[in-house]
Amino acid sequence: GMNLANRGYIVFAPMISTQTCIDRDAVTRRSHLIGQIPLGIEVQKFGRMIDFLSTLPFVDANRFGFYGLSYGGYTALWTGPGEPRFRVVITSGHFNDWDIKTSDLTQGTSFLFFPNNFDMFNFDLLNRFSHSELGMLVAPRAFMIEVGDRDGVVVAPRRFPDVEMERVVDLYPRLGIPERGRVARFNGPHKIDGAESFTFLHRYFEWDATHEFPARPWRASGARATR
């Protein structure tokens, strides 16, 4: 976030409730009883945020993007298709073969081994969607998957999530816009890398990538990025 602010972006980092939140598990149980999922709350929440931010005179309402890591990457993958005003969507440290990630007993990072992950299990989802289908729903808008080769969140062997990633990337040439679908791989663990993703943002926000604002000390509260 600070790196993007230093490049002149307006960065808004909202709170999302994570899978370790007891209250979120309660919401998940109630939503499943009526055939819904908690991510519908996030989609609606981000829609209202965009409504408000669009009224601010220093915000360009035509250049919203969503960039999330881990649970933020999970939220990006679902919110991107549901909120068409996001011009660029980047999911980092999350993209997977969702069948294996939610049901395989040989994967130590499978959600079967974590007790507070009810919202990762949605009735009949795997018969219709994996991560590739969710990513495809972002098209024709720009979509990037960022993944580290040592990210333990991504299932092994990597050929399974790689197939999911390639399915998304292969869609974009068939739409005549191959440059808008990308996978950014880097040598590292579960983190934001930015090496390719920042350039991707610059391109689709038509932002001058050479104009970087100097780093400066940030106050603990009341800080605001200005041009």
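The values are calculated or read from the model by the stated rules, or taken from the named source; none is laboratory data. None of these values were measured; they are calculated from a predicted model. Glycine also receives a Cβ, built like all others from the backbone with ideal geometry; neighbour counts cover every protein chain displayed. Side chains included, ligands, DNA and RNA excluded: accessible areas come from the protein's heavy atoms. Shrake-Rupley method; radii C 1.70, N 1.55, O 1.52, S 1.80 Å.
Considering the stretch 8-51, and only residues there that are in contact with a Ser or Thr (Cβ under 8 Å, 6 or more places away or on another chain) and of a type in the set (Asp, Glu), the residue that is surrounded by the most Cβ atoms within 10 Å (Cβ to Cβ) turns out to be Glu42.
Considering only residues that are open to solvent by 60 Å² or more (accessible area, probe 1.4 Å) and outside any loop (DSSP other than H, G, I, E, B), look in the stretch 181-211 and name the one that is nearest to Val59 (Cα to Cα). Among those that are open to solvent by 60 Å² or more (accessible area, probe 1.4 Å) and outside any loop (DSSP other than H, G, I, E, B), it is Arg203.
Using the structure shown, decide if Lys45 is in contact (Cβ under 8 Å) with a residue 24 or more places away in the chain and more than 19 Å from Val154 (Cα to Cα).
On the way: in contact (Cβ under 8 Å) with a residue 24 or more places away in the chain: yes; more than 19 Å from Val154 (Cα to Cα): yes.
Considered against the rule, which asks whether it is in contact (Cβ under 8 Å) with a residue 24 or more places away in the chain and more than 19 Å from Val154 (Cα to Cα), Lys45 comes out as yes.
Looking across the stretch 52-107, just one residue is charged (D, E, K, R), closer than 16 Å to Leu137 by Cα and open to solvent by less than 20 Å² (accessible area, probe 1.4 Å), and that is Glu83. If you go through the stretch 131-154 and keep only what is small (Gly, Ala, Ser), surrounded by fewer than 17 Cβ atoms within 10 Å (Cβ to Cβ) and modelled with pLDDT of 95 or more, you end up with nothing.
For Asn187, the conditions (1) in contact with an Asp or Glu (Cβ under 8 Å, 6 or more places away or on another chain); (2) polar (S, T, N, Q); (3) modelled with pLDDT under 60 are fulfilled apart from (3).
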